[in-house]
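Structure record follows, encoded as structure tokens.
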Amino acid sequence: MEILVTGGAGFIGSHLVEALLHAGHHVVVLDDFNDYYDPRIKEDNLRAVRGEIELHRTDLRDREAVRRVLGRERFDTVVHLAGRAGVRPSIREPQLYVDANVTGTLNVLEGARTGGVGRFVFASSSSVYGLCPVSPFREDMPLPGTISPYAATKLAGEQLCSNYAHLYKLRTVCLRFFTVYGPRQRPDLAIHQFTRRIHRGQPIDQFGDGSTRRDYTYVDDIVQGILGALTYEGPIFDIFNLGESETTALGELIRRIENALGREARINHLPDQPGDVPTTCADISKARRLLAYRPATPIAEGIPRFVEWYLQTQAVPAAPVEAVASR
């Protein structure tokens, strides 16, 4: 297949690009290499496959540039992973998130429509469930309302996908990702940040009492779910959860990182953060049944794998253990 991956230089995107190449697909990457975090990280993410892909350094907000990329060849599928991520930054810069995630998604959908794309896979988020009172979250649940601009932009993206499926018969699959982690995870995300700071003997910030729970999903499992969506032939518009269907409390997550590093964390206890939900947990029965989704990496295995990757590729010399104050 001819596949365009937007955000293909990012954390999830670069893993997907490698899997698609391994499966024999022709892959084109669209990414703007913005400065949300060090662009050199994205350059490194693609270094091993740079000679096997076509790369376009394009901003989603540039409608004509997006249209030109999608008009260059007939893509069978667009996997739209690009956009601004993160709940907390979206509260600081809501306009940027609307521009990138809503207008940007509209630009990619329009390019897909005019370019004759057959399938559109959209990376949504568990954050669309907001303060849903029932857990685990099912795709057919009524949504009580989002509590961050980031979540609102992802829900708006799903609605635009629904519009294009209905109006233009563009087969569209929305995938709600649940807290993805693994090698190449963005440095600002909790698992990466905690690992780095604990290893260096620096304090970490814990928002709340440590009881918030997340459905942490290993990146290889997410990629497997995306690959399943590439051949899905159900309704022309559909939505799937991709998670592990297990939750881990924040305090337990920190302990697992401590154990994998063999070091104790110094913790700054801070109030709850606005926009954070208390629990996320995916009901993945639909994805199991229709996408053959089989997550294979529980948190007990995934955290040691991530820490091993960090120590091999990212770590600077650690502070002496005796310099780390115990809790």
Looking at the range 68-104 only, could you name the residues that are of a type in the set (K, R), assigned to a helix (DSSP H, G or I) and touching a residue at least 60 places away in the same chain (Cβ under 8 Å)?
R88
Has the range 212-229 got any residue that is over 24 Å from G10 (Cβ atoms) and in contact (Cβ under 8 Å) with a residue 24 or more places away in the chain?
yes
Going by what's in this entry, would P136 be described as crowded, with 17+ Cβ neighbours inside 10 Å and out of contact with any helix residue (DSSP H, G or I) (no Cβ under 8 Å at 6 or more places or on another chain)?
yes
Condition first: modelled with pLDDT of 95 or more and either among the hydrophobic types (A, V, I, L, M, F, W, C) or surrounded by fewer than 24 Cβ atoms within 10 Å (Cβ to Cβ) (or both). Now tell me which residues in the range 183-198 satisfy that.
P183, R184, Q185, I191, H192, Q193, F194, R196, R197, I198
Hits in the range 149-199 (condition: of a type outside the set (S, T, N, Q), under 30 Å from E308 (Cβ atoms) and assigned to a loop (DSSP other than H, G, I, E, B)):
F178, G182, P183, R184, R186, P187, D188, L189
Based on what the data block shows, is I198 touching a residue at least 12 places away in the same chain (Cβ under 8 Å) and touching a Ser or Thr at 6+ places or on another chain (Cβ under 9 Å)?
no
Within the range 39-67, of all residues that are hydrophobic (A, V, I, L, M, F, W, C), in contact (Cβ under 8 Å) with a residue 12 or more places away in the chain and not in a strand (DSSP E or B), the one surrounded by the fewest Cβ atoms within 10 Å (Cβ to Cβ) is A48
With (1) under 30 Å from G130 (Cβ atoms); (2) at pLDDT 95 or above as the list, and E264 as the residue in question, which single condition is left unmet?
(1)
Filter result for the condition that a residue is at pLDDT 95 or above, within 18 Å of P278 (Cβ to Cβ) and either acidic (D, E) or surrounded by fewer than 21 Cβ atoms within 10 Å (Cβ to Cβ) (or both), over D215, D209:
D215
Within the range 20-38, track down each residue that is surrounded by fewer than 22 Cβ atoms within 10 Å (Cβ to Cβ) and under 17 Å from the mean Cα position of the chain (by Cα).
F33, N34, Y36, Y37
Name the residue that is nearest to Y97 (Cα to Cα), counting only residues in the range 132-148 that are assigned to a loop (DSSP other than H, G, I, E, B) and among the hydrophobic types (A, V, I, L, M, F, W, C).
I147
Scanning the range 264-318 for residues that are out of contact with any strand residue (DSSP E or B) (no Cβ under 7 Å at 6 or more places or on another chain) and among the β-branched types (V, I, T), which turns out surrounded by the fewest Cβ atoms within 10 Å (Cβ to Cβ)?
V316
Go through the range 185-213 and give me each residue that's under 16 Å from T247 (Cβ atoms) and within 22 Å of the chain's Cα centre (by Cα).
A190, I191, T212, R213
Search result, residues across the range 2-58 that are in contact with a Leu (Cβ under 8 Å, 6 or more places away or on another chain) and on the phi > 0 side of the Ramachandran plot:
G7
Matching option when the condition is under 21 Å from the mean Cα position of the chain (by Cα), under 15 Å from R84 (Cβ atoms), aromatic (F, W, Y) and not assigned by TED's automatic domain parsing to the domain that holds R256, among F120, F177:
F177
If you scan the range 194-210, which residues turn out to be of a type outside the set (K, R) and closer than 15 Å to R263 by Cβ?
F194, T195, I198, H199, G201, Q202, P203, I204
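The values are calculated or read from the model by the stated rules, or taken from the named source; none is laboratory data. The shown structure was predicted, so the numbers you read here are calculated from the model rather than taken from an experiment. FYI the Cβ positions are ideal-geometry reconstructions off the backbone, even for glycines, and counts take in every protein chain you see.
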